[in-house]
Each structure stands twice: as structure tokens, then as C-alpha cells.
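Okay, so here's the structure we're looking at.
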Amino acid sequence: MKVQYLGHSAVLIEDRDVKAIIDPFISENPNCPLKVDGLRDITHIFVTHGHGDHLGDTIEIAKKWNSIVICNFEIGNYLSKFDLNVHTMHIGGRVEFEFGKVKMTQALHGSGIYNGTEIICGGNPCGFLIEINGKKVYHAGDTGLTIDMSLLKDEEIDTAFIPIGGNYTMDIDDAVKAVKFIRPKAVVPIHYNTFPVIKADPLEFKKKVKETKVKVLSFGESMDL
Ligand code: NI
Ligand code: MN
């Protein structure tokens, strides 16, 4: 399984016949090395919440590749107006796809969808536990630190993607606590250095995490899992 970090919270996961992207913030993402046109054959799109830096280019990509968009009910309802292939679920729900199980986890954040004129209700924000062909990935979405993350240690997560940028989400010190709760085998910091207000040093995070391997991926970098 190959994982590519596209900057901000955007993560591309490829394995056999699955090509999934989480929070496809591509065209407006100053750190993304790809253009929307550079993405091909996307089978699934996971959307953690309705904010523009996560919903991103979902509509364009899903239309082009007929991708299944996996998101909460409210965002799914909004996206269905664009005639997309949507699978809605909600927090706590776990469902089996052809590649493995997906569980929607909670996140402490907002989820309003800005349509250019007004904010539309985007339900609750979430994170995802995604099993692909036996490997388990956790993408926290945007969230503050919550003690409920300690429930995730039973999931035996291979790689966790967690925000460290502060201001809108956990900062480095809270993310270090989150790793203690989640206890993944490896952790990748995300949601930093896209905008001045979320400036953070991923190497400081790496230094502060003692019990888990931290993999700092540069924007566009891939790793095998
Ligand atoms: Ni957000
Ligand atoms: Mn965000």
C-alpha cells in the first residue's frame, strides 16, 4: 500500500484496485504538488467535514472518475445535488467496502459548507478509520484533543494522520498527547504550514513523541505501508 501526502490534510492511498483520497484540497492548496488533472482513476473520496480546505475539489474529482464519496449524511445530502455517487454514514458507524472496513470516528470541530454566499449545515465533523487490504489507517480530520481518542488504541492502527498546526485544531503539544491515547504504530503530522495561522514545525513534534515512530512526509512525498 502506497500513501502520498499532498499537503494540508490531503492524503492519497493506493493499493491494488483502490485509489482513495482523503480531504482532496488540491487546486487551492499552496503545498500540493499535483493539479486536479494529475489525479487519475480515483475510486473513493473520504471527506472529514464541510470546510473548504477539506471538501476541496471533491465535486470535480468525483464527477470525473465517478468516485464513491464517503462522508456524513449532511455533506452527502449537499453533494447529491451535484449528481455524485455518495455513500453516507455517521459517527460510530462501521461499514464494509470491497477493500475493507471503514469506521467514522468523532472529531471536535465544525463542518459548515460555504457555497459562496452562505454557510450550509455540514453535520458533525469526523475522522476515519480505514482498513485497506488488512492495513489500518486513521485520519483524524480537523479536531481538538479529546480523551475519547484513547478508545482508538484497541484498533491497533498502523498509521495515524493527525493535525498539529494549532489555531483550528490540536497544536503540537496536544497532538503529542493524542498519540499517547491512540498508540498507533506510526504517526504522520498533517494540517500545518498551509497558512500562517497554522505554522508548526513537524520536527519539533517528532522530537516530542517518544513512544511511536513519527514519519514526517514532505509535501508530495510517498511512503509504503
Ligand atoms: Ni476545518
Ligand atoms: Mn482544516
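The values are calculated or read from the model by the stated rules, or taken from the named source; none is laboratory data. Remember, predicted model here, so these are calculated numbers, not experimental data. Positions of Cβ are generated from backbone atoms using ideal geometry, with glycine treated the same way; all protein chains shown enter the neighbour counts. Protein only, heavy atoms only, side chains kept; ligands, DNA and RNA dropped before computing areas. Shrake-Rupley method; radii C 1.70, N 1.55, O 1.52, S 1.80 Å.
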Handout entry: All-pairs Cα distance distribution in the stretch 16-131, expressed in whole percent, bin size 5 Å
Key = 2, 12, 23, 25, 21, 12, 3, 0, 0
Exercise for the section: Please report the relative contact order for the stretch 49-90, taking Cα pairs under 8 Å with a sequence separation of at least 6, and give it as a percent rounded to a whole number. Expected result: 38
Handout entry: Eligible lysines near Lys206 by straight Cα distance, threshold 18 Å, same-chain separation 8 or greater
Key = Lys177, Lys180, Lys185, Lys215
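Per residue, what accessible area does the chain have, given a 1.4 Å probe and all protein chains present, in Å²? List each step's numbers first, then the result.
On the way: 9870 Å² over 225 residues.
I get 44 Å² per residue for this part.
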Handout entry: Percent accessible area from carbon and sulfur atoms, the chain, protein chains only, probe 1.4 Å
Key = 48
Exercise for the section: May I ask for the net charge around Leu151, where only other residues with Cβ less than 15 Å from the Cβ of Leu151 are counted and Lys, Arg are +1 while Asp, Glu are -1? Expected result: +3
Fill in the blank from the handout: Inter-part gap, Cα centre of the stretch 46-118 to Cα centre of the stretch 127-158, in whole angstrom, is 17
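Restricting to Cα atoms and excluding each atom paired with itself, what does the Kirkwood estimate give for the chain in Å?
17.1
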Problem - Relative contact order %, the chain, counting alpha carbon pairs below 8 Å whose residues are six or more apart - result: 17
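Past 26 Å, Cα to Cα: identify those pairs from Lys19/Lys136; Lys135/Lys210; Lys81/Lys199, in the order given. Please list the in-between numbers first.
On the way: Lys19/Lys136 15 Å; Lys135/Lys210 23 Å; Lys81/Lys199 36 Å.
Lys81/Lys199, as the Cα separations exceed 26 Å there.
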Handout entry: Under the Karplus curve 6.51 cos²θ - 1.76 cosθ + 1.60, θ = phi - 60°, whole-Hz ³J(HN,Hα) for the stretch 148-155, x wherever Gly or Pro sits
Key = 4, 4, 5, 5, 6, 5, 5, 7
